[in-house]
Amino acid sequence: MRFVKLIPSLLGWIITPPWLNPSLVFCTIPLTPMITPDTDQASALKDLEVKLEILIEQYTRVKNENHTLKTKQEALVREKAKLLEKTNLARTRVEAMITRLKAMEHGS
């Protein structure tokens, strides 16, 4: 697990812990111009590697969040079904009581 979050900015990469608001910057890695084509390609490859790592982390986070939300939704659907069943049972009982009260009223 990574202990920092890399956020691209105009000045470079911002490094913050994942739980911290990105506006509270801990450290910035400056972007520097490259001198030779080999180092330019190596740098581009490294940048691509970092971006891919960030995307993988975001994907994993969203996937886990999606799984959690689906689990919560399933639990809520089950709870709703139980509550509807209880509501219908209560309605039936109340209607039966009303019917008995009306019968008692007409019988007296």
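For the stretch 55-70, which residues satisfy the criterion of being charged (D, E, K, R) and open to solvent by less than 80 Å² (accessible area, probe 1.4 Å)?
Here is the first cut: in the stretch 55-70, the ones charged (D, E, K, R) are 57, 61, 63, 65, 70.
Glu57 - this is the single residue of the stretch 55-70 that is charged (D, E, K, R) and open to solvent by less than 80 Å² (accessible area, probe 1.4 Å).
Mind listing just one residue for me: the one in the stretch 27-71 that is in contact with a Gly (Cβ under 9 Å, 6 or more places away or on another chain) and either part of a helix (DSSP H, G or I) or not aliphatic (A, V, I, L, M) (or both) and, of those, modelled with the lowest pLDDT?
Narrowing the stretch 27-71 to residues in contact with a Gly (Cβ under 9 Å, 6 or more places away or on another chain): 28-32.
Of the ones still in play, those that are also either part of a helix (DSSP H, G or I) or not aliphatic (A, V, I, L, M) (or both) are 28, 30, 32.
Values: Thr28: 48, Pro30: 52, Thr32: 53.
If we take residues in the stretch 27-71 being in contact with a Gly (Cβ under 9 Å, 6 or more places away or on another chain) and either part of a helix (DSSP H, G or I) or not aliphatic (A, V, I, L, M) (or both), then Thr28 is modelled with the lowest pLDDT.
The values are calculated or read from the model by the stated rules, or taken from the named source; none is laboratory data. The structure presented is a predicted model; accordingly, all values stated were derived computationally and were not measured. Neighbour counts are summed over all protein chains in view; Cβ atoms, including those assigned to glycine, are modelled from backbone coordinates with ideal geometry. The accessibility values were calculated without ligands, DNA or RNA, using every heavy atom of the protein model including side chains. Shrake-Rupley method; radii C 1.70, N 1.55, O 1.52, S 1.80 Å.
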